[in-house]
1. Please specify each residue of segment 1-58 satisfying the condition of being among the aromatic types (F, W, Y) and part of a helix (DSSP H, G or I).
2. Does segment 16-52 hold any residues that are over 24 Å from E67 (Cα atoms), over 11 Å from the mean Cα position of the chain (by Cα) and open to solvent by 70 Å² or more (accessible area, probe 1.4 Å), and which are they?
3. If D70 satisfies every condition in (1) assigned to a helix (DSSP H, G or I); (2) of a type outside the set (S, T, Y); (3) within 11 Å of the chain's Cα centre (by Cα) but one, which is the exception?
4. Here is a check on your reading of the model: is T10 open to solvent by 40 Å² or more (accessible area, probe 1.4 Å) and either in contact with a strand residue (DSSP E or B) (Cβ under 6 Å, 6 or more places away or on another chain) or of a type in the set (S, T, Y) (or both)?
Amino acid sequence: MKTMVKQLRTAAKLTQQQLADLVHVSARTIISIEKEQYSPSLMLAYRMAQVFGVSVEELCCLRENKEQEDREYENLP
């Protein structure tokens with residue numbers, strides 16, 4: 001799932017470890033989220049959204065991800 005985590009983190013001048021410490025996860029979790037290899041839980045997304053002062057919807061690009069998923073469903077046989 002695409003997120004804005006990396007962009008928001010770098011704009012806030014936080015390292016992956018600093019963000020991880022703020023939201024109580026490992027730096028590896030943040031790395032995986034930024035590489036779109038892992039989708040954050042709702043609670044983790046909420047914690048990160050609070051750190052950056054944005055909504056979960058904005059943080060997780062929910063509109064864009066939904067539109068992408070809808071396109072994929074339309075192409076199913």
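The values are calculated or read from the model by the stated rules, or taken from the named source; none is laboratory data. The structure displayed is predicted, hence computed values, not measured ones. FYI the Cβ positions are ideal-geometry reconstructions off the backbone, even for glycines, and counts take in every protein chain you see. These accessible areas exclude ligands, DNA and RNA; they are computed on the full protein's heavy atoms, side chains included. Shrake-Rupley method; radii C 1.70, N 1.55, O 1.52, S 1.80 Å.
1. Y46, F52
2. Q17, Q18, D21, L22, H24, R28, Q50
3. The number of the failed condition is (3).
4. yes
Every residue, every condition in (1) under 15 Å from Q7 (Cα atoms); (2) of a type in the set (A, V, I, L, M, F, W, C), yes or no:
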site	(1), (2)
I31	yes, yes
E34	yes, no
S39	no, no
E64	no, no
E67	no, no
R71	no, no
